[in-house]
1. Of the labelled options (i) 16.1; (ii) 14.4; (iii) 18.0, which one gives Kirkwood radius over Cα pairs in Å as computed for this structure?
2. For the chain, what is the relative contact order in percent, using Cα pairs closer than 8 Å and at least 6 residues apart in sequence?
3. Per 0.36 nm of contour for each residue apart, how much would the distance between ALA132 and GLU146 grow if the chain were fully extended, relative to their Cα-Cα spacing?
4. Mean-square fluctuation check for the chain, GNM, Cα pairs under 10 Å: which of ALA94, ALA128, ALA33 is largest?
5. Using r as the Cβ-Cβ distance of GLU98 and LEU35, and R0 as 35 Å, what FRET efficiency do you calculate, to the nearest 0.05?
6. Looking only at GLY53, GLY41, GLY99, which one moves most when the chain is put into a Gaussian network model with springs between Cα atoms under 10 Å?
7. Write down the accessible area per residue of segment 43-110 in Å², having rolled a 1.4 Å probe over the full set of protein chains.
8. Ignoring ligands, DNA and RNA, what percent of the 1.4 Å accessible area of segment 77-122 is carbon and sulfur?
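The values are calculated or read from the model by the stated rules, or taken from the named source; none is laboratory data. Small disclaimer: the values here were computed from a predicted structure and weren't measured. Cβ placement follows ideal geometry from the backbone for every residue including glycine, while neighbour counts extend to all protein chains displayed. Please note that ligands, DNA and RNA were not included when accessible areas were found on the heavy atoms of the full protein model with its side chains. Shrake-Rupley method; radii C 1.70, N 1.55, O 1.52, S 1.80 Å.
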Amino acid sequence: MSARTTDGTAGGEGSPVGVVLVSHSGPVAESVAALAIGLAGSGDTVPVAAAGGTPDGELGTSAELITKAARTVDRGAGVAVLVDLGSAVLTVKALIAEGDELPEGARLVDAPFVEGAVAAVVTAATGADLDAVAAAAGEAHGYRKE
């Protein structure tokens, strides 16, 4: 898990929504985080963390890394969690069901991983709330490429 950027605030009203990017690959999660931050120009305003692979650097998902990433980006405005593949979805759903593993307001967002991450970080950089960040990321399902 690597936090790519934080704003250092204590949280609360006016704080940005945090974004966690969960991939089966550490390098993929890190690269998508860097891309989203770069395209959003949000280097010091939106906390974004990559939670990729396992703690020993292998391919897979790790509840421990996801939990740590979500706590790292939580500023009190909610945390949008985007995932790449099936078992990442299951891991995040299990953490949410536990009720005490992720920060209050953490939400699994149904969105394409790359396009959704960019939309989430760009929208969070505007100061939007978690509902708006999740909606923007989800709308990326409809992006046409032809």
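1. From the options (i) 16.1; (ii) 14.4; (iii) 18.0, the structure gives (ii).
2. With pairs under 8 Å counted, the relative contact order is 29 percent.
3. 2.4 nm
4. ALA94
5. Approximately 0.70, to the nearest 0.05.
6. Answer for the Gaussian network model of the chain: GLY99.
7. Heavy-atom accessible area per residue stands at 47 Å².
8. Within segment 77-122, the accessible surface is 56 percent carbon and sulfur.
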